[in-house]
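**Student:** A single structure is presented below for examination.
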Amino acid sequence: MARFNYKAIDSSNKTRKGTIEAANRDDAMSKLKNEGLAITDIKDAGERSGSGGIFKKKVKSRDLSVLCKQMVSILNAGVTVITALDMLSEQLDNTTLMEALIESKTYVEKGGSLADSFRLNPDVFPPIMINMVAAGEMSGNLETAFDRLATHFEKDDAMKGKIKGALTYPIIVMIVAVLVIILVMVVVIPTFEDMFMDMGVQLPLATRIMMAGSRFVVKRWYVLIAIVIGLVVGIKLFKSSKTGEMIFAKAAINMPLFKNLVIKSNSASFARTLSTLMAAGIPMLDAIEQVAKMMSNKIFRDGLMDTKIQVAKGQPLSKPLRDMEVFPTMLVQMVKIGEETGNIEDMMEKVADLYEREVDLATESLTAAMEPLTMVLLAGIVGMIVAAVYGPIIGMYNGIDNM
């Protein structure tokens, strides 16, 4: 049975919200209509909702890893799930996670399962956590499920941290470069502008462009801000569209500097998540679907959804993965070996360990490559500014010497 969140209007025109269990969406709608309700919205309880407070503190993989580790310790001590949720909700600093655990505790107290209680907050608890907890409850090994989840989230957080660390340096350098340009435009160029005008000579093109830009920044700064905001919003809207998402996805796996990191990080994420789900007893088809939904890159996501269809038709997992032409050959070969030995989950765990180490090397290579590139970029910007500011002065002195 699946769970569906609904909004409806009853016979007295009052809005009602709730959750209903049914075999499918149509069955849920039929049950609600039989109760005399007019449905205004209904969706799977596991679907992510776009609503929610914009000021809610985000729940990160690190928070979930700590939560899972604490759950393992508490449950191993013989404490009940309800008491464990109560204890953890009082200890957490993350208010979003704390509120979700309090809601879960209330739901479990009424007789619901822990996995279903997590489904009430899909923006807090990811599908892999919900499915793992459900499998743990069915098998009676909830502690084992949380232990595997703790490892999964810990590895995920470590990999994301390394990727962010590799990008931090160039981002900081670019911010400094922008601030320097703004400072020059607002403070330095206006100081020299009057002197240039008094020189009464034809200024170089670079100087004229710099002076025009300075006047624009000083007098029309609000237009510049509007342009920047418009570009940011436009890019985000385009990226959220199907066409834009695909273009950005292709760019990510084809850009020379980032290609290696993107492919290996997605490979590590795929292998780690698939291993974690299958080790918990989740069927392969369901595991592939959940892995696909977790992929941020559309090419990987769409490819894995198609892989699920091919596996359902009887194809071995390794074949559609190879046909995707984005996963490394080594990963596909390891999957094939796992299929032949009947132990895909252990093989995927080894693959995940391998590519997580590869991500370390890729981030180090990216950082090493970005440092000289950012220095060259800064040198170019500084050189243009110096040429624009001092070019006329040098030209004037040369003219005096030639008199």
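**Student:** If you take the residues in the range 19-44 that are out of contact with any helix residue (DSSP H, G or I) (no Cβ under 6 Å at 6 or more places or on another chain) and of a type in the set (Val, Ile, Thr), which one is modelled with the lowest pLDDT?
**Tutor:** Thr40
**Student:** Being at pLDDT below 85, open to solvent by less than 70 Å² (accessible area, probe 1.4 Å) and in a loop (DSSP other than H, G, I, E, B), is that true of even one residue in the range 156-175?
**Tutor:** No, that holds for no residue.
**Student:** Follow-up question, since we're still on this one. For the range 202-216, how many residues are open to solvent by 70 Å² or more (accessible area, probe 1.4 Å) and not in a helix (DSSP H, G or I)?
**Tutor:** 1
**Student:** Taking the range 217-235, which residues are surrounded by 11 or more Cβ atoms within 10 Å (Cβ to Cβ) and more than 23 Å from the chain's Cα centre (by Cα)?
**Tutor:** Within the range 217-235, Val217, Val218, Arg220, Trp221, Val223, Leu224, Ala226, Ile227 qualify.
**Student:** Of all residues being modelled with pLDDT of 70 or more and open to solvent by 50 Å² or more (accessible area, probe 1.4 Å) in the range 45-69, which is farthest from Ala145 (Cα to Cα)? Just the residue, please.
**Tutor:** Lys58
**Student:** How many of the residues making up the range 94-115 are in a helix (DSSP H, G or I), under 20 Å from Gly18 (Cα atoms) and open to solvent by less than 30 Å² (accessible area, probe 1.4 Å)? Give the steps one after another, and end with the answer.
**Tutor:** If we filter the range 94-115 for residues that are in a helix (DSSP H, G or I), which is where we start, we get 95-109, 114-115.
Then drop every residue that is not under 20 Å from Gly18 (Cα atoms), which leaves 99-109, 114-115.
Within this subset, residues satisfying the condition of being open to solvent by less than 30 Å² (accessible area, probe 1.4 Å) are 100-101, 104, 108, 114-115.
Qualifying residue count for the region: 6.
**Student:** Identify the residue in the range 16-39 that is free of Cβ contacts under 8 Å to residues at least 12 places away in the same chain and under 36 Å from the mean Cα position of the chain (by Cα) and, among all such residues, is least open to solvent (accessible area, probe 1.4 Å).
**Tutor:** Among those that are free of Cβ contacts under 8 Å to residues at least 12 places away in the same chain and under 36 Å from the mean Cα position of the chain (by Cα), it is Asp27.
**Student:** Need pairs with beta-carbon distance below 6 Å; first residue of a type in the set (S, T, N, Q) and within the range 147-175, second open to solvent by 40 Å² or more (accessible area, probe 1.4 Å); sequence gap 6+ or separate chains.
**Tutor:** Matching pairs, first to second residue: none at all.
**Student:** When you scan the range 70-86, do you find a residue that is modelled with pLDDT under 90, assigned to a helix (DSSP H, G or I) and more than 21 Å from Met132 (Cβ to Cβ), even just one?
**Tutor:** Within the range 70-86, one or more residues are modelled with pLDDT under 90, assigned to a helix (DSSP H, G or I) and more than 21 Å from Met132 (Cβ to Cβ).
**Student:** Return the residues of the range 236-257 that are open to solvent by 90 Å² or more (accessible area, probe 1.4 Å) and closer than 24 Å to Gly165 by Cα; say none if nothing qualifies.
**Tutor:** Lys236, Lys239, Lys250, Asn254, Pro256
**Student:** A follow-up question, please. Taking the conditions exactly as written (within 16 Å of Ala387 (Cα to Cα), small (Gly, Ala, Ser) and free of Cβ contacts under 8 Å to residues at least 12 places away in the same chain), does Ala212 satisfy them or not? Can you show your working first?
**Tutor:** Working: within 16 Å of Ala387 (Cα to Cα): yes; small (Gly, Ala, Ser): yes; free of Cβ contacts under 8 Å to residues at least 12 places away in the same chain: yes.
Yes: the conditions hold for Ala212.
The values are calculated or read from the model by the stated rules, or taken from the named source; none is laboratory data. Computed from a predicted model, the values in this text were never measured in an experiment. So basically every Cβ, Gly included, is an ideal-geometry build from the backbone, and we count neighbours across all protein chains shown. The accessibility values were calculated without ligands, DNA or RNA, using every heavy atom of the protein model including side chains. Shrake-Rupley method; radii C 1.70, N 1.55, O 1.52, S 1.80 Å.
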